[in-house]
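Encoded as structure tokens, the structure appears first; notes follow it.
FYI, it's all coordinate maths here, none of it is from the lab. Since we're looking at a predicted model, the values are computed, not measured. Neighbour counts are summed over all protein chains in view; Cβ atoms, including those assigned to glycine, are modelled from backbone coordinates with ideal geometry.
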């Protein structure tokens, strides 16, 4: 069960960690606005910029060692993931200003993609206690996957550009040549050997970009939701893609789901396994052991996210985010 507290004026020193090259828009103005508002509330605020992979984790750990009571990640899923890794199993909450192309954790928590809304969440200071997961000891916060979604992640990581259009292009190219593999999945007393299009282990309901791979997943229940998309013909598999964006994926005939505290996945194909952890590509030489770590992370977020409704929730999000995108297009520096 989730718990909610407030940071109030007790956060003291606050660290803002900015990835200046994540996503598709500039981050400096947003970070500076956040710093100004928090300083006006009486907080000491330090702003740090990352320069290479791993910097956000290092900077967050250093900030905690200096006494930071709140660490805010400004960037995309990768920046949020790296920052959160340093805060797991500590009393220091994570704040999120989502400025990437997917923003999976922020969307699930109900943190607005609109920057003004995200700043209001941070300054309101509501702190929730949520779960995180580990895959072979590596922390993640949204989804782990093998199969098609992992293949797309690997292809997308090699593209020069970012954003939804580039991702969809990578997905289409992989879909036309993808060959499903057989997996052995162990969850509790249940053992499945299945040829699968993909296997996703989800702490949150979506990958990002309103693609709902596990619409009923909760981030504070102590369980992961496992979604198995069985192999089928290309037409039926293409319909799974449609169901991702309507929230009706659990109704698809190719889908099997389970809710467990831990799961082990082994690919029965020889060689290394392509996987992804929160959208970051990984090559595995062994099985993937995933464990849900209950109540392991504090995060500044709305006290309650709206309940999910198939079709209605995805469409409402798309309309709202389209309005935000148009506002940012014509007023790229206007956030208040």
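A few notes on this one:
- Highest mobility in the GNM of the chain, judged by mean-square fluctuation with C-alpha springs under 10 Å and restricted to 157, 30, 101, is found for 157.
- Taking every C-alpha pair closer than 8 Å and separated by at least 6 residues, the mean separation divided by the residue count of the range 138-294 gives a relative contact order of 29 percent.
- Computed over the chain with a Gaussian network model linking Cα atoms closer than 10 Å, the most mobile of 235, 96, 318 is 235.
- DSSP bridge pairs, the chain: antiparallel proportion in percent, nearest 5: 75 percent
- Percentage relative contact order, the chain, counting C-alpha pairs under 8 Å, at least six apart: 21 percent
- Our summary gives the range 26-173 a relative contact order of 16 percent, counting only alpha carbon pairs under 8 angstrom and 6 or more residues apart.
- Rounded to 0.05, the FRET efficiency of the residue 269 and residue 36 pair, given R0 = 45 Å and the Cβ-Cβ distance, is 0.25.
- Highest mobility in the GNM of the chain, judged by mean-square fluctuation with C-alpha springs under 10 Å and restricted to 165, 229, 129, is found for 165.
- Difference of contour (0.36 nm per residue) and Cα-Cα distance, residue 21 to residue 257: 81.3 nm
- Between helix 148-157 and the chain: long-axis angle, C-alpha atoms, 0 to 90°, nearest 10: 50 degrees
- Helical contribution to [θ] at 222 nm, DSSP H n ≥ 4, -39,500 (n - 2.57), averaged over the chain, rounded to 500: -10000 deg cm²/dmol
- Gyration tensor verdict on the range 138-294 (Cα atoms; rounded if a/c is under 1.5, prolate if a/b is larger than b/c, oblate otherwise): rounded
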